[in-house]
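The values are calculated or read from the model by the stated rules, or taken from the named source; none is laboratory data. As the structure is a prediction and not an experimental result, all values here were calculated from the model. Glycine gets a Cβ as well: all are built from the backbone with ideal geometry, and neighbour counts include every protein chain shown.
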Amino acid sequence: MKILVTGGTGYIGSHTIVDLLENGFEVVSVDNFHNSRPTTLDGIEAITGVRVKNYEVDLADRAATLAMFDKEKFDGAIHFAAYKLVGESVDKPLEYYRNNTNSLLNVIEGLRLQGSSNLVFSSSCSVYGNADELPVTEATPRKVAESPYALTKQMGEDMISDYCKAVPDFKAVLLRYFNPAGAHESGKIGEDPSNPATSLVPVITQTAAGKRGGMKVFGTDYNTRDGSCVRDYIHVQDLAHAHTLALRYVMGGKGTKNPSLFNLGIGEGLTVLEAINAFEKVSGTKLNYELGPRRAGDVIAVYADRSLATKELGWEPARGVEEIMRTAWAWELGS
Ligand code: UDP
C-alpha cells in the first residue's frame, strides 16, 4: 500500500512516516521545507533503513501538485502540510487561509483524479475554541475559532465533510491533535522547525540549553489552577501511531458519507507552569523563565476525552509527560 504523506519532513509527519514504514506501508513524502529540513529524511533512514522519496512541491500550487499526482499512484494520503503557528496566523491571516485551504483542495483533487479515496486529515483541538465543557469529546460543539489558524482547521474539516457527502465512496478521518511534544526514542528525529520554535516544549528545551536567553509564561491570570493555560500534551510517537491506525480504519471502509472524527490527546490537562516543573524534574536543571502577559489567540484550557479513539481505533497512548520531557531534552542536547 503506497501512502502519500504531505508535510513528511515536518514534526508529526516524520514520526508518522517511521510508524507507517514499521507497519509495512510504502511511503512517498511531499514537503517544500517551508518549516522543516531535508536532513529529517536522513533521520528517518537511520531509524528504518528506508530512504523515503520526497517531492519538493508547494501543495498550494495546483498545477505542481497535480503534476506530482501524475507521477505516483497512491492508495491513500495523510495530509499534514500546513502553516501551524497560532500567533503567526493572527499576524498573517491571508497567508494562512491561502496556504491551508488551497493545499487541502489540491490534495483531495489529486487523490480523486487517480481514483484514490482514503484521506487522513490533521486537524487540531483548536477547532473547539474556548469549549463550554472539559474534557472535550468529539461531540463537544466547536466554538468560534480563536485564531486564523484554528479557523483554517475548522474550514478544512468542513471542506472534507462536504466532500464526503457529495462523493459517497470517499472516506476520511479527521484527527484532532492536542499538543504534540517530545521526540523519537532513537534521538534521530524530533521537532526541528527551520523557523524559530514557538511551541512550549521546544521553547523550554532551547531555553534550558542556552540557545535562547529566557522564556515567558504567556498569561498567569487565567481562570485555571495556577493562572497559566491548560493543555493536553501527547507524545509524538503515540500520536504518530494513531495515524497508522486511522489509515487502516479508513482503508477498512469506515469514514464514508461523514468523516470519522477522533480526539488525540492523553486525556489530562497540564498547566504551563506544571509543564515547566515536569521539565525541571526530568532534566535536573532550573529553567530561566519569566511570567509574562497573555498571547493573542490562546484558548484558556483544553484537554481531550480520548475514549472514542481508544474504542474505535484501538489507540492507547503509552507515554506520559516525563517521557515527553526526557525525549525532548535528549533531542535538544543531541541536535
Ligand atoms: N507558551 C508559553 N510560552 C512560550 C510558548 C508557549 O507560555 O514561549 C504557552 C502558550 O501560551 C500555551 C501553551 O504554552 O498556553 C502551549 O502553547 P503552544 O504554542 O505549544 O501550543 P498551542 O496550544 O498554542 O497550539
Residue within region 228-236 that is in contact (Cβ under 8 Å) with a residue 40 or more places away in the chain, more than 12 Å from the ligand (Cβ to nearest atom), outside any loop (DSSP other than H, G, I, E, B) and under 22 Å from Ser122 (Cβ atoms) present | yes
Could you check, for region 285-305, whether at least one of its residues is at pLDDT 95 or above, of a type in the set (Asp, Glu) and part of a loop (DSSP other than H, G, I, E, B)?
-> yes
Scan Gly253, Gly213 and give me the residue that is at pLDDT below 95, within 16 Å of the ligand (Cβ to nearest atom), assigned to a loop (DSSP other than H, G, I, E, B) and not acidic (Asp, Glu).
-> Gly213
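A quick yes/no check of all residues on (1) under 30 Å from Val27 (Cα atoms); (2) touching a strand residue (DSSP E or B) at 6+ places or on another chain (Cβ under 6 Å); (3) of a type outside the set (Val, Ile, Thr):
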site	(1), (2), (3)
Thr244	yes, no, no
Val250	yes, yes, no
Asn263	yes, yes, yes
Glu268	no, no, yes
Leu273	no, no, yes
Ile276	no, no, no
Phe279	no, no, yes
Glu290	no, yes, yes
In region 276-326, anything within 16 Å of the ligand (Cβ to nearest atom), within 27 Å of Ala246 (Cβ to Cβ) and touching a helix residue (DSSP H, G or I) at 6+ places or on another chain (Cβ under 9 Å) is listed as Val299, Val302, Tyr303, Ala304, Val321, Ile324, Met325
Return a yes/no flag: does region 156-172 have any residue that is outside any helix (DSSP H, G or I), of a type in the set (Val, Ile, Thr) and within 16 Å of the ligand (Cβ to nearest atom).
-> no
Which condition number in (1) of a type outside the set (Val, Ile, Thr); (2) modelled with pLDDT of 95 or more; (3) part of a helix (DSSP H, G or I); (4) closer than 23 Å to Gly190 by Cβ is the one that Phe33 fails?
-> (3)
Test for Glu138: is it of a type in the set (Asp, Glu), under 15 Å from the mean Cα position of the chain (by Cα) and closer than 19 Å to Leu264 by Cα = no
Filtered residues of region 61-91 (kept if touching a residue at least 40 places away in the same chain (Cβ under 8 Å) and within 16 Å of the ligand (Cβ to nearest atom)) = Phe80, Ala82, Tyr83, Lys84, Leu85, Val86, Gly87, Glu88, Ser89, Val90
Right, Gly219: among the small types (Gly, Ala, Ser), within 12 Å of the ligand (Cβ to nearest atom), within 30 Å of Ser335 (Cβ to Cβ) and touching a Lys or Arg at 6+ places or on another chain (Cβ under 6 Å) or not?
-> yes
Take Ser194 and decide whether it is of a type in the set (Ser, Thr, Tyr) and either surrounded by fewer than 21 Cβ atoms within 10 Å (Cβ to Cβ) or within 25 Å of Phe74 (Cα to Cα) (or both).
-> yes
How many residues does region 124-147 hold that are surrounded by 16 or more Cβ atoms within 10 Å (Cβ to Cβ) and of a type in the set (Asp, Glu)?
-> 2
Does Thr271 satisfy being within 14 Å of the ligand (Cβ to nearest atom), under 22 Å from Val136 (Cα atoms) and free of Cβ contacts under 8 Å to residues at least 60 places away in the same chain?
-> yes
Candidates Ala181, Ala150, filtered to the one that is within 26 Å of Ser117 (Cα to Cα), within 16 Å of the ligand (Cβ to nearest atom), within 16 Å of the chain's Cα centre (by Cα) and surrounded by 15 or more Cβ atoms within 10 Å (Cβ to Cβ) | Ala150
